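J.: Got a structure here, written out as structure tokens. Questions coming.
Nothing in this text is a laboratory measurement; each read-out follows from the coordinates by a stated rule. Note that this is a predicted model, so its numbers are computed, not measured. Backbone-built Cβ (ideal geometry, glycine too); neighbour counts: all protein chains shown.
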Amino acid sequence: MTSWHHLSSDWLNWADQLAPAAQKINRHLIKALDLPALAQTAKDRELSMLDLASGVGEPAFGIARMLAGDADNDGNVGDAPLRGHVIASDIVPGMCAGLAERAGAEGLANLSVVAADMEKLPFGPSSIDAISCRFGVMFCSDPDLALRESNRVLRSGGRAAFMLWAPMADNPLFCAMDAVLSNILGTGFADTGLDLFGFADADGACARMRDAGFSNVSLSNHKPAGRIPERAAFWKPQMEMLFGHHLRDASDSARGTIDGAMFEALRPHIDDGYFRVPMCFHVLSGRKP
């Protein structure tokens, strides 16, 4: 089984490089939260925002900037800037330490870092206005308990949004990664206990959200494709963040073979000198009655 404690350094190594790409897809998650509407309901009270499984900082950092009271922010309510505090959380102490260091370097005064297990959140009932979670809840031992915990800590009318991977068959990068690593290192997603696709079925995901106590449940599907130079080994960040402990034990020759096999597996997605590999994900959201 994968231990996230052993992977925190791999995530932190790629944090700054991946931030711009993360911010592009985060807009779908943030839109589902409808922070301007929540701010109108809160009136003079600042919003309290919780980001689960924050990893190296996104979307917590981006939301903190939105809630910093910047008059030029596009998410403002009329002429009033959005204001609020973001709690970035993660179950791994190494991640939390990296989060705090990066937040301090970026001067995010309205963000705090809390070590938190999604299945047993250290917050009181009805204390949070909005919850975000990007590619995290599927890794819980009991994801449905994590959904119920999110519902418990939300205020009435509060919103939660979860970004989740669509089926592996719709994600060529993961298909290639699973096949290549299984062939060369003898390990794939199933072997390491990485259940990336536990919420891949759209109807099932919505049903689980409703069973956790949410209303107005909705799911949107997204399939962006980047434009990456064909000689860029763009699979390395995701591969190291998920399989770093296996790759560190591999020989230089094996790692070179992996890169060559990944290139060949993804070659069909090269168009005019650029990789155009789609990534397919859902945004699942709901409201606490």
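J.: Tell me which of LEU67, ALA233, LEU52 sits at the most positive position along the dipole axis of the chain, charges placed on C-beta atoms (Lys, Arg +1; Asp, Glu -1).
T.: Highest projection toward the positive end goes to LEU67.
J.: Let me ask another. Sorting check: for 94-104, 183-193, which peptide has the highest mean count of neighbouring beta carbons within 10 Å, and how do the rest follow?
T.: 94-104, 183-193
J.: Shifting gears a bit: Using label points projected 7 Å from each Cα along Cα→Cβ, tell me how many nm separate ASP203 and LYS223, to one decimal.
T.: 1.9 nm
J.: Tell me, what are the semi-axes, in whole angstrom and largest first, of the equivalent ellipsoid of the stretch 22-145 as set by the roots of 5 times the Cα gyration tensor eigenvalues? If you can, show how the numbers build up before the last one.
T.: Values: eigenvalues 108, 53, 36 Å².
Over the Cα atoms of the stretch 22-145, the ellipsoid semi-axes are 23, 16, 13 Å.
J.: Once you have a ≥ b ≥ c as the square roots of the Cα gyration tensor eigenvalues for the stretch 73-184, tell me rounded if a/c is under 1.5, and otherwise prolate or oblate according to whether a/b is larger than b/c.
T.: It comes out prolate by the Cα gyration axes.
J.: Please report, in debye to the nearest 20, how large the charge dipole of the chain is about its Cα centre when each Lys and Arg carries +1 at its beta carbon and each Asp and Glu carries -1 there.
T.: 660 debye
J.: Mean-square fluctuation check for the chain, GNM, Cα pairs under 10 Å: which of GLY84, GLY55, GLY107 is largest?
T.: Comparing GLY84, GLY55, GLY107 in the GNM, the peak value goes to GLY107.
J.: What are the lysines whose alpha-carbon lies under 18 Å from the alpha-carbon of LYS31, with same-chain residues fewer than 8 places away excluded?
T.: Candidates past the 8-residue exclusion: LYS223, LYS288.
J.: I want to verify the translational diffusion coefficient of the chain in µm²/s; compute it with Stokes-Einstein, Rh as the Kirkwood radius over Cα pairs, at 25 °C and 0.890 mPa s.
T.: Values: Rh = 19.7 Å.
Calculated translational D: 124 µm²/s.
J.: Still on this model: Check every DSSP H run in the chain and write down those whose alpha carbon atoms cover 24 angstrom or more along the long axis and whose mean Kyte-Doolittle hydropathy is -0.5 or greater.
T.: Span-like helices, by this rule, are 8-33.
J.: Please list 112-124, 28-40 highest first by mean number of surrounding beta-carbon atoms within 10 Å per residue.
T.: 28-40, 112-124
J.: Go ahead and run the numbers for FRET between SER112 and ALA232, Cβ-Cβ distance against an R0 of 41 Å, rounding to 0.05.
T.: Approximately 0.70, to the nearest 0.05.
J.: Among 246-254, 155-163, 128-136, 141-149, how do they line up from the highest to the lowest mean number of other beta-carbon atoms within 10 Å?
T.: Numbers: 246-254: 12.1, 155-163: 21.2, 128-136: 24.6, 141-149: 17.9.
Peptide ranking by packing, descending: 128-136, 155-163, 141-149, 246-254.
J.: Label the stretch 186-252 by shape, choosing from rounded, prolate and oblate, from the square roots a ≥ b ≥ c of the eigenvalues of the Cα gyration tensor; if a/c is under 1.5 it is rounded, and otherwise prolate applies when a/b is larger than b/c, oblate when it is not. Please list the in-between numbers first.
T.: Working: a/c = 3.94, a/b = 1.72, b/c = 2.29.
Cα axes put the stretch 186-252 in the oblate bin.
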